[in-house]
Amino acid sequence: MDYTEFWKRTNSLIKLLNKTQRGLALECGFTERRIETLSSNNRSPDVIEAVKIAQTLNTTVEYLVTGQDENAAAKELTELKAKLADLIMFKK
């Protein structure tokens, strides 16, 4: 999997929150080198690292990986359920 988009979103949030990669690393308990290595090589963080990064940036892992947040996914599911209910009612 290409983690280019993960790091694009991560770096966008770093800038938006007036942080630095160094600051992110410190807040997450990583070395600055670890963040640099992951982001410059577009490598995936392990699950625990991804969770710490998301928490530090006040977002979700889902957003960093897919670009969608949980609320968007929940809203889409609710809309699909409503459409399905309408279809079921229409057939009766």
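Given [x] 7.1; [y] 7.7; [z] 6.0, which label gives mean projected area of the Cα convex hull in nm² as computed from the coordinates?
Computing mean projected area of the Cα convex hull in nm² and matching it to [x] 7.1; [y] 7.7; [z] 6.0 gives [x].
How large is the helix-only mean residue ellipticity at 222 nm for the chain, computed as the sum of -39500 (n - 2.57) over DSSP H runs with n ≥ 4, divided by its residue count, in deg cm²/dmol to the nearest 500?
-22500 deg cm²/dmol
If we count every other residue with Cβ under 15 angstrom of residue 32's Cβ, Lys/Arg +1 and Asp/Glu -1, where does the sum land?
Summing Lys/Arg as +1 and Asp/Glu as -1 gives +2.
Only Lys, Arg, Asp and Glu count, each charged at its Cβ (+1, +1, -1, -1), so figure out the dipole size of the chain about its Cα centre, rounded to 20 debye.
That gives a dipole near 160 debye.
Could you work out how far the C-alpha centroid of the range 1-26 sits from that of the range 40-64, in angstrom?
If we compute the Cα centre of each part, the gap is 9 Å.
Expressed as a rounded percentage, what relative contact order does the chain have, with Cα pairs under 8 Å and six or more residues apart?
Reported as a whole number, the value is 27 percent.
Any read-out appearing in this document is the output of simple, stated calculations on the displayed coordinates, not a laboratory observation. Just so we're clear, the structure is a prediction, and the values are computed from it rather than from any experiment. Positions of Cβ are generated from backbone atoms using ideal geometry, with glycine treated the same way; all protein chains shown enter the neighbour counts.
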